[in-house]
Structure formats: structure tokens, C-alpha cells
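Since the structure comes first, as C-alpha cells, the remarks are kept for the end.
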Amino acid sequence: MRIPRFPEPAAVGSVTVRATPAEAYAVVSDPIAMVRFTEEAYRVHCLDGATGAAVGARFQGWNRNGRRRWTTQCRVTDATPSLRFAYEVTATPLALPIARWQYDIAPAEEGCVVTETNWMRVPLWFIPAAILITGVRDRMGANGSHISTTLDRLKAHLEEASALPS
């Protein structure tokens, strides 16, 4: 199924991290590790025997907002070590396109810059149902806030890890 592309991101944020691009990629390309840093996702399970970041790998995510809970399925679309990790999200069980999440990593003078970008894919007719399911009226605003929180937590984790003696 071809997921329509919206040209403008719904939300984007960047952070400079004192870590190598490879160290940053190792974390952002591991959905199970990333749930420690996110606002809504709290559990991930790899599907079809997937064991690492690879184009076509699928995983299921469990999300929450207060007492509300929902699941999604994701398919990795980009997995270029030290550069980019991205995946498309569909709502289960309807298999509706919901979003695209992308992490771009660029070398910087003191480590690397991690940029997290979100594109909305949800069909307009599904937005009222999505609001009921998630409790989020302003999804673009919420995702912008969530990106900021995720990147702050990711930065703290990576900088703590890189400060540990080898």
C-alpha cells in the first residue's frame, strides 16, 4: 500500500549530543530502547523475527496517554547506519496510515546532531476517531512537545553513556 506523502513535517526538533553518530544511531534505531525516552510509547515488540534495524523490519508499539491505550504497527523504511532511521506507522487493526517518524544524524564539532521529524499520514476522516482513541486534540502540537522531550532524554542518556569509562 502506498502511503501518501505530505511535503511538510508536522513536527521537527534537533539536539546536539556529545556522542558519535554511530552511538546515536545504535539507540535511535532500536525501538525497544527508544521507549525509555518517549512520552506515549511504553512498549515495543519486534515482529516476524526481526532482530535489528533493517528496511522492511516490523514492530508493534503500545502507546498511552493517561488512561487511554492504543497499539500501532510500524515498518522500517530507512536504516542507514550513523545517518538515518525511519519508519511508517499504521493504526491497528485497521491498517490505516498514521505517521512517519525519522531520525537524521549528522556529525558535529562536539559529537553529532540528531534531528527527529514527524509527518502526519492519517486520513482526514479518521482524525475525530484518533482524538477519541488518544485523547489528543492537537496532534501536531503534542508531537512537537514529545519530540523535544524525547531528544532531551536521548541526549542525557547518550552523554551519560559516553562519559562512562571504557
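The values are calculated or read from the model by the stated rules, or taken from the named source; none is laboratory data. Every value quoted in this text rests on a predicted model; they were computed, and no experiment measured them. Counting neighbours? That spans all protein chains shown, and the Cβs are built from the backbone with ideal geometry, glycine included. Side chains are part of the model used for accessible areas, which takes the heavy atoms of the whole protein and leaves out ligands, DNA and RNA. Shrake-Rupley method; radii C 1.70, N 1.55, O 1.52, S 1.80 Å.
Tally time: how many residues in region 95-112 are farther than 30 Å from LEU124 by Cβ and in contact with a Phe, Trp or Tyr (Cβ under 7 Å, 6 or more places away or on another chain)?
Matching residues across region 95-112 total 1.
Can you go through PHE85, PHE59, PHE37 and tell me which one is part of a loop (DSSP other than H, G, I, E, B) and among the aromatic types (Phe, Trp, Tyr)?
Result of the check over PHE85, PHE59, PHE37: PHE37.
Within region 57-87, how many residues turn out to be over 15 Å from the mean Cα position of the chain (by Cα), farther than 13 Å from SER29 by Cα and surrounded by fewer than 16 Cβ atoms within 10 Å (Cβ to Cβ)?
Counting residues in region 57-87 that are over 15 Å from the mean Cα position of the chain (by Cα), farther than 13 Å from SER29 by Cα and surrounded by fewer than 16 Cβ atoms within 10 Å (Cβ to Cβ) gives 5.
Considering only region 109-166, how many residues are assigned to a helix (DSSP H, G or I) and of a type in the set (Val, Ile, Thr)?
Let us first name the residues in region 109-166 that are assigned to a helix (DSSP H, G or I), namely 124-134, 139-163.
So of that shortlist, the ones also of a type in the set (Val, Ile, Thr) come out as 127, 131, 133-134, 147, 149-150.
Total meeting the criteria: 7.
Look at region 130-144 and say how many of its residues are of a type in the set (D, E, K, R) and touching a residue at least 12 places away in the same chain (Cβ under 8 Å).
Summing the residues that are of a type in the set (D, E, K, R) and touching a residue at least 12 places away in the same chain (Cβ under 8 Å) in region 130-144 gives 1.
Kindly establish whether THR51 is of a type in the set (Val, Ile, Thr) and surrounded by 17 or more Cβ atoms within 10 Å (Cβ to Cβ).
no
Give region 11-34 a look and list any residue that's open to solvent by 30 Å² or more (accessible area, probe 1.4 Å) and β-branched (Val, Ile, Thr), or say none.
VAL12, THR16, THR20, ILE32
Within region 89-107, how many residues are assigned to a strand (DSSP E or B), among the hydroxyl-bearing types (Ser, Thr, Tyr) and farther than 14 Å from PRO9 by Cβ? Break it down into steps so the answer makes sense when it comes.
Keep residues of region 89-107 that are assigned to a strand (DSSP E or B), which gives 89-91, 96-107.
Narrowing further to those that are among the hydroxyl-bearing types (Ser, Thr, Tyr): 90, 103.
Filter once more, so that each one left must be farther than 14 Å from PRO9 by Cβ: 90.
Counting residues in region 89-107 that are assigned to a strand (DSSP E or B), among the hydroxyl-bearing types (Ser, Thr, Tyr) and farther than 14 Å from PRO9 by Cβ gives 1.
Starting from region 145-166, take each residue that is at pLDDT 95 or above and list its partners that are among the aromatic types (Phe, Trp, Tyr), counting only C-beta distances under 8 angstrom and pairs at least six apart or across chains.
Partner pairs satisfying both residue conditions: THR149/PHE37; THR150/PHE37; ARG153/PHE37; LEU154/PHE37; HIS157/PHE37.
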